[in-house]
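Structure first, commentary second.
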Amino acid sequence: MMLRKRAWDMMRDEFPTVQEDASLAETIRVMREAMVDAPDSQVVVVLTKSGKLKGTINLWKLFKAVKQSVLKDENLKQDGEVDWDQQFANACLICTQMRLDDYLIKNPPVLKPNEPILLVLDTFLKSRRDWALVMEGDRVMGVVYVTDVYREMTRDMMKIFK
């Protein structure tokens, strides 16, 4: 049964997206909202104004962006008194101004909807990512996470073990 599973069987057809002109702060907000319903959701799809894929930003890229922009302030490294509320306000202001282009994953791992589970796993291993986009033509249909594959695999395994 498990070997019959395809990417479309496991994909999430609701996934976070932003337009290419979104700020870093907007992208963080969108990912945070997605994580309320799906805590393992860790990628935001970035679309052009015409709705085509521009790239993706995952959680690690967001961490990198925040570290490079927000946490680079030398005042944070001083031993003396720091006005943390002011530093946080400054950091939030920086986030609203940052563009996504420098942090985009421009060639994300891609699956076709009918690819079998073994090719899905192979894509994860080759890309060294734990997620992949499911695309048909130039349209993003969904996202598959390694946790989705694990859930499918273990569901069938548990039936066998009973």
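The values are calculated or read from the model by the stated rules, or taken from the named source; none is laboratory data. Computed from a prediction, not measured in an experiment: that's the story for all the values here. Glycine gets a Cβ as well: all are built from the backbone with ideal geometry, and neighbour counts include every protein chain shown.
It is to be established whether one or more residues within region 36-50 are farther than 24 Å from ARG129 by Cα and at pLDDT 90 or above. Please lay out each step first, then the result.
Going residue by residue through region 36-50, those that are farther than 24 Å from ARG129 by Cα are 49-50.
Going one step further and asking which of them are at pLDDT 90 or above, we end up with 49-50.
Taking every residue of region 36-50 in turn, at least one turns out to be farther than 24 Å from ARG129 by Cα and at pLDDT 90 or above.
Please determine, by comparing only the residues of region 11-35 that are part of a strand (DSSP E or B) and not hydroxyl-bearing (Ser, Thr, Tyr), which one is nearest to ASN114 (Cα to Cα). Can you show your working first?
Here is the first cut: in region 11-35, the residues part of a strand (DSSP E or B) are 12, 17-19, 23.
If we keep only those that are not hydroxyl-bearing (Ser, Thr, Tyr) too, we end up with 12, 18-19.
Numbers: ARG12: 14, VAL18: 26, GLN19: 27 Å.
Out of the qualifying residues, it is ARG12.
Go through region 123-162 and give me each residue that's among the aliphatic types (A, V, I, L, M), without any contact (Cβ under 8 Å) to a residue 24 or more places away in the chain and under 16 Å from ALA7 (Cα atoms). Break it down into steps so the answer makes sense when it comes.
Restricting attention to region 123-162, the residues satisfying the condition of being among the aliphatic types (A, V, I, L, M) are 125, 132-135, 140-141, 143-144, 146, 149, 153, 157-158, 160.
Remaining after also requiring without any contact (Cβ under 8 Å) to a residue 24 or more places away in the chain: 125, 146, 158, 160.
Result: LEU125, VAL146.
Taking region 57-93 as the search range and keeping residues that are assigned to a loop (DSSP other than H, G, I, E, B) and among the aliphatic types (A, V, I, L, M), which one is modelled with the highest pLDDT?
Looking only at region 57-93, we keep the residues that are assigned to a loop (DSSP other than H, G, I, E, B), and these are 70-73, 78-83.
From the residues that got through so far, the ones that are among the aliphatic types (A, V, I, L, M) too are 70-71, 82.
On the way: VAL70: 63, LEU71: 62, VAL82: 69.
Step by step, filter region 57-93, then rank; the result is VAL82.
Does region 36-56 hold any residues that are at negative phi, in a loop (DSSP other than H, G, I, E, B) and of a type outside the set (A, V, I, L, M), and which are they? Break it down into steps so the answer makes sense when it comes.
Step one: of region 36-56, the residues at negative phi are 36-50, 52-54, 56.
Now drop any that are not in a loop (DSSP other than H, G, I, E, B), which leaves 38-42, 48-50, 52.
Result: PRO39, ASP40, SER41, GLN42, THR48, LYS49, SER50, LYS52.
Pick from region 98-107 the residues that are touching a helix residue (DSSP H, G or I) at 6+ places or on another chain (Cβ under 8 Å) and in a helix (DSSP H, G or I): which of them is surrounded by the fewest Cβ atoms within 10 Å (Cβ to Cβ)?
Top of the filtered list is ASP102.
crowded, with 19+ Cβ neighbours inside 10 Å, β-branched (Val, Ile, Thr) and at pLDDT 95 or above: which single residue out of VAL149, VAL110, VAL144 fits that description?
VAL144
May I ask you to say which residue of LEU133, LEU125 is within 19 Å of the chain's Cα centre (by Cα), under 19 Å from THR27 (Cα atoms) and either surrounded by fewer than 17 Cβ atoms within 10 Å (Cβ to Cβ) or hydrophobic (A, V, I, L, M, F, W, C) (or both)?
On the way: LEU125 fails: under 19 Å from THR27 (Cα atoms).
LEU133 is the lone residue from the list that is within 19 Å of the chain's Cα centre (by Cα), under 19 Å from THR27 (Cα atoms) and either surrounded by fewer than 17 Cβ atoms within 10 Å (Cβ to Cβ) or hydrophobic (A, V, I, L, M, F, W, C) (or both).
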